[in-house]
1. At a temperature of 37 °C and a viscosity of 0.692 mPa s, determine how fast segment 48-112 diffuses translationally according to Stokes-Einstein, using the Kirkwood radius over alpha-carbon pairs as Rh; express D in µm²/s, rounded to the nearest whole number.
2. Scan around ALA127 for amide H atoms under 5 Å from its own, H built in the peptide plane at 1.01 Å from N, and keep only partners 5 or more places away or cross-chain.
3. What order, most packed first, do the peptides 142-150, 127-135, 50-58 have when packing is the mean number of other Cβ atoms within 10 Å of each residue?
Amino acid sequence: MSTTLDRIVSGWALLAGILTLLVVLVTTLNVTAFGLDRIARLFDANVSGLSGYEDFVRLALSAIALMFFPYCQRRKGHVAVDLFADRFPSGLQRLLEKLILLLTIATALFLAYWMTLGMVSSYQDFALSPILGWHNWPFYLPGILSLILWALVVAVQLGKGE
């Protein structure tokens, strides 16, 4: 696979990992604040949690979830079930692999298309997160890009017979 695509896919997964750590950090802070609030109540005080925590986590996770797909596909870390296919002749196994790769490309592009329509709808509806008031539509972009990268990685694998 091209080193440029490898770098893009690896960097994209690294960004997803950083965002995941940020979600863990924010969750830890919010849980800590909850625990401190329980103690503070004993002294007629309070410690508030992070305002908009749920909004941030929901929007961040919606982006993160698909960002690992291209890297996983590149490393062939996807789930493969070979209950009986490994007993097929090698030619049939290669044909099945190509069909599955074509189906994966079609699925990724299909999902990217529908996510694009969802993003446009979210933009046109001025959909905002309930607490923070952030626009929802920008959080579709990483998912759409991830699906396109996924399809591109699969297309390269299909072309090279990887």
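Rule-based calculations on the coordinates, nothing more; no lab input. Here the structure is a predicted model, which means the values were calculated and not measured. Ideal geometry is used to build each Cβ from the backbone, glycine not excepted, and the neighbour counts take in all protein chains shown.
1. 220 µm²/s
2. Here the answer is ASN136, since their amide H atoms fall under 5 Å of that of ALA127.
3. Numbers: 142-150: 21.7, 127-135: 13.3, 50-58: 16.0.
Top to bottom by mean Cβ count within 10 Å: 142-150, 50-58, 127-135.
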